[in-house]
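First comes the structure, then the notes that go with it.
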């Protein structure tokens, strides 16, 4: 079904693209990449409230959630980086080194195949509690977190505003963080504005949009969120079989066929989320494109859509990157409602 859809899109593109007699460029079918967002899926047992989102925001930036009271969720998820980290892997308490690159945080409510690179947690409120307890991250017990927050007058008061009484519990911490994370929607990039007929793309950006289809980037980045519409975990050929060190999804499922497979991340805000891949091995978008153009490295689980690669000229590389930069949402990166409340 996926291949049929891609063929249909390519045919539609070719049929609706023609030479521009004046500029020598292309008339692009604006329906190729549909970015219309569906209604925000909010858990029925945890509706968003101003008080709940504000509490989650406070907790997201609260360093007392760590054992040393020195780092918060925001220490590894920076707003100006689309809530990702500029380090290849993040550092926890006492500078403990993590194992994977911190994924950006936006549009999480639309996730349908679990959280983290390996999809090991399927509910956002549960995901938000794991870094607190992870020994390589915040290394704190939830019991200690509850005790510390209870000793700060502002927190019992804020929990009362959000949940009706001053009781601080593990469940409520997760619910509040879930509300804040659910509220983090990025949907106003230049490309979104283009699709709403509010701005025009440059000739290079339009060429890059065309190449995004022709070079088959849409095989894995087709949905409104520019992630995988089939919610797959894929091995994109980073390592040959003998060089694979992180088994990825296999560590969750125990299935050998999932070795070195990871979530397909969104390309939104990709301009600011370097370094790239689950281990942060690529520093630039140029390196990423060169990897895919090369066809990657063969292993038993390398996805077939990566094998073979494609030709890519310097001009095409430039245009593709210029198109990817249209997915940057400056409003999201600077939204004061997502910044630290302290």
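Taken together, the values in this text are just the output of simple stated rules run on the coordinates, not laboratory data. All of these numbers come straight from a predicted model, not from anything done at the bench. Cβ: placed from backbone, ideal geometry, glycine included. Neighbour counts: every protein chain shown.
Values computed for the structure shown
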quantity: Rounded to 10°, Cα long-axis angle of helix 50-60 versus longest principal axis of the chain; calculated: 90
quantity: Whole-Å distance, taken between Cα centres, linking region 273-342 and region 46-123; calculated: 21
quantity: Region 235-342, relative contact order in percent, only Cα pairs under 8 angstrom and at least six apart counted; calculated: 31
quantity: Computed lengthening from residue 161 to residue 123, 0.36 nm per intervening residue step minus Cα-Cα distance; calculated: 11.3 nm
quantity: Residue exposure sequence - 110, 276 - by fewest surrounding Cβ within 10 Å; calculated: 110, 276
quantity: Normalised contact order of region 50-185, rounded percent, pairs of Cα under 8 Å and 6 or more residues apart; calculated: 31
quantity: The chain, relative contact order [Cα under 8 Å, separation at least 6], %; calculated: 21
quantity: Rg to Rh, two decimals, where region 131-188 supplies the alpha carbon set and Rh follows Kirkwood; calculated: 1.04
quantity: Footprinting exposure proxy for 221, 78, 126 (fewest neighbouring C-beta atoms within 10 Å first); calculated: 126, 78, 221
quantity: Residues residue 81 and residue 151, FRET efficiency given R0 of 41 Å [Cβ-Cβ distance, rounded to 0.05]; calculated: 0.80
quantity: Tilt relative to the chain, helix 2-16 - C-alpha long axis, 0 to 90 degrees, to 10; calculated: 50
quantity: Stretchable slack from residue 49 to residue 200, in nm (0.36 nm times residue separation minus alpha-carbon distance); calculated: 50.7 nm
quantity: Backbone N within region 321-342 under 17 Å of label point (7 Å from residue 63 Cα along the Cβ vector); calculated: 340-342
quantity: Neighbour-count order for 249, 120, fewest beta carbons within 10 angstrom listed first; calculated: 120, 249
quantity: In Å, descending, principal axis extents of the Cα set of region 50-185; calculated: 40, 34, 27
quantity: Segment residue 116-residue 287, extension gain: residue separation times 0.36 nm, minus the distance between their alpha carbons; calculated: 59.2 nm
quantity: Within the chain, helix-based [θ] at 222 nm, where runs of 4 or more DSSP H residues each add -39,500 (n - 2.57), nearest 500; calculated: -9500 deg cm²/dmol
quantity: On Cα atoms only, tilt of 285-294 relative to the major axis of the chain in degrees; calculated: 50
quantity: Spin-label proximity, residue 337 to region 247-283 - amide N less than 20 Å from point 7 Å beyond Cα toward beta carbon; calculated: 269
